[in-house]
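Worksheet: one structure, shown below.
The values are calculated or read from the model by the stated rules, or taken from the named source; none is laboratory data. The structure displayed is predicted, hence computed values, not measured ones. Here the Cβ is made from the backbone with ideal geometry for all residues, glycine too, and neighbour counts use every protein chain on show.
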Amino acid sequence: MGRIEKTVFISYRRTNAPWALAVFQHLTQHGYDVFFDYNGVASGDFERIILENIAARAHFLLLLTPSALERCDEANDWLRREIEAALSSQRNIIPLMLDGFSFTEPAIDKSLVGNLALLKRYNALSIPTEYFLEAMTRLCDKFLNVPLEAVLHPPSPPATQVANDQRISASTAPEVSEQKLTAQQWFERGISASDAAQKIQFYNEALRLDPALPVAWNNRGLARSERGDNLGAIQDYNEAIRLDATFAVAYSNRGMARTDSGDSEGALKDYNEAIRLDPTYSKAYNNRGLYYQDKGDLQSAIRDYNEAISLNPSLAIAYNNRSVARNTRGDVAGAIEDCNTCLRLDPASSKAYSNRGFYRRGKGDLKGAIQDYNEAIRLNPSFAIAYSNRSMARRDRGDLVGAIEDCNTSIRLDPTVAKVYNNRGLCRQEKGDQQGAIQDLNEAIRLSPTLGVAYTNRGISRAKLGQHQAAIADFDEALRLNPNDVVAIDHRGTSRLKVGNIGSGLGDLLTSFATGFKNGLTGKK
């Protein structure tokens, strides 16, 4: 015959801390011995302390909101590991459904990986905010007041001490008000909202009701970044960090906003701090990898991407980012392999299709490249770079009309990218429209005065119009920016001969031949 046990472990996502605290307060007031990781357990002892306390308690309360299971596809996610430990030790698992959580939602079902699918079999309790006390009464009377045969394993003295310390800390916290729980509802609505403006609206309401909610500040920062308001995002992350100095996610997110604001060194400090606070945070490694990649330190970038993937083999974006670094180092096969993995994990990644198309074009597989660009554009019809890249693959196949059409679309979507004007200038040049080419190359140079290849290409068009002195000036500037531009040397030599500068012209041509890089000298990059 089993007996009634009053020992409870509360498992929850940090974003739902007010709910967890409210449940803890009610149960302790009614005589239950509750383990609640309130302040956070030191990282060195975390695994042993948590697992021992799960085994030492008969009941396992799992707090479920619509966003709670989002990271459970990561093998190292601690909510997932806690659930798996409770399942394997056959605790009395009680899912507490909060803020409209439902096991029938497709996104929820997708998160129930492995043994977590068993959660749907357990008798769950819905807890509406407005009827919280009634739900707690039902929890105690119906769900916890049952005879159990569970074999409990006494925790070690250190695990017992941590449990006591956490209980004391949580017991001193102010009682959670209905207003704070309502703020949690608005916060969850923000997570589920479909667009950034609506997210901000919901997070505003959550913060009005509970200004001390770090996760709401963090998430509003994400929504502001999505709308291009990096300054506002950084202000929100600052507040999240002020409220919780151990909030690794907020540091990593602030790092991304700082990167977008041009503060790369500030971003690096944030990524380092996020990793120091949470050495298992895969996205922080991925973000720091992007920093190193932007700085040209491909070895460090790949090392960070490797670590991100090791921590979370399902992190599709890390494979995509590593593909760029590998391609830059000349490992095209590795780059394509990474894109393949990314697309297996995330078939809707338009960036991975576009990148794989770029690598395939580099290998001469124009058909495969165009197929990838087509898919990238199908997935994201506003993907300006994909149109630009497809234009070059079409040009390589001799489809100048299609190439120009793609450049036109790319420019309409984003008129600020110098290389697209350069690409359209090349296509117009090859069609014989030298004036149109020069107009495009002028714009490319205006947008990016250090784009050396645009000077080379404009010089070629000017030379075709007989404007050799102007062409020589362009080739000079191209070589100032890139002394190894063999195309500029070769064409400058020809223009110098045309204007009667025989010695310099022959010198350029001899230099061009001496380099041994005479393959495809058309001034196109």
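Is it the case, given these coordinates, that PHE24 is part of a helix (DSSP H, G or I) and assigned by TED's automatic domain parsing to the domain that holds VAL8? So PHE24 passes the test.
The number of residues in segment 467-489 being closer than 25 Å to ALA514 by Cβ, part of a helix (DSSP H, G or I) and of a type outside the set (A, V, I, L, M) comes to 6.
What is the residue count in segment 307-323 for residues that are of a type in the set (D, E, K, R) and either in contact (Cβ under 8 Å) with a residue 60 or more places away in the chain or surrounded by fewer than 23 Cβ atoms within 10 Å (Cβ to Cβ) (or both)? Break it down into steps so the answer makes sense when it comes.
Step one: filter segment 307-323 for residues of a type in the set (D, E, K, R), giving 307, 322.
Next cut, either in contact (Cβ under 8 Å) with a residue 60 or more places away in the chain or surrounded by fewer than 23 Cβ atoms within 10 Å (Cβ to Cβ) (or both) only: 307.
Total satisfying the criteria: 1.
Filtered by the rule that a residue be surrounded by fewer than 17 Cβ atoms within 10 Å (Cβ to Cβ) and either small (Gly, Ala, Ser) or touching an Asp or Glu at 6+ places or on another chain (Cβ under 7 Å) (or both), segment 324-333 gives GLY330, ALA333. For the residues ASN389, ASN327, ASN312, ASN380, the requirement of being modelled with pLDDT of 95 or more and within 19 Å of the chain's Cα centre (by Cα) singles out ASN380. Does any residue of segment 182-200 turn out to be surrounded by fewer than 16 Cβ atoms within 10 Å (Cβ to Cβ), hydroxyl-bearing (Ser, Thr, Tyr), over 19 Å from the mean Cα position of the chain (by Cα) and under 30 Å from GLN29 (Cα atoms)? No: zero hits.
The condition of being under 22 Å from ALA250 (Cβ atoms), acidic (Asp, Glu) and touching a Pro at 6+ places or on another chain (Cβ under 9 Å) holds for GLU188.
Only one of the listed residues (ALA212, ALA240, ALA223, ALA216) is among the hydrophobic types (A, V, I, L, M, F, W, C), part of a loop (DSSP other than H, G, I, E, B) and under 28 Å from the mean Cα position of the chain (by Cα). That residue is ALA212. Segment 131-199 holds helices (runs of 4 or more DSSP H) entirely within its bounds, and those carrying 2 or more residues that are within 23 Å of ILE54 (Cα to Cα) and at pLDDT 90 or above map to 132-138. For segment 497-509, the criterion of being touching a residue at least 24 places away in the same chain (Cβ under 8 Å), in contact with an Asp or Glu (Cβ under 9 Å, 6 or more places away or on another chain) and in a helix (DSSP H, G or I) is met by none of the residues.
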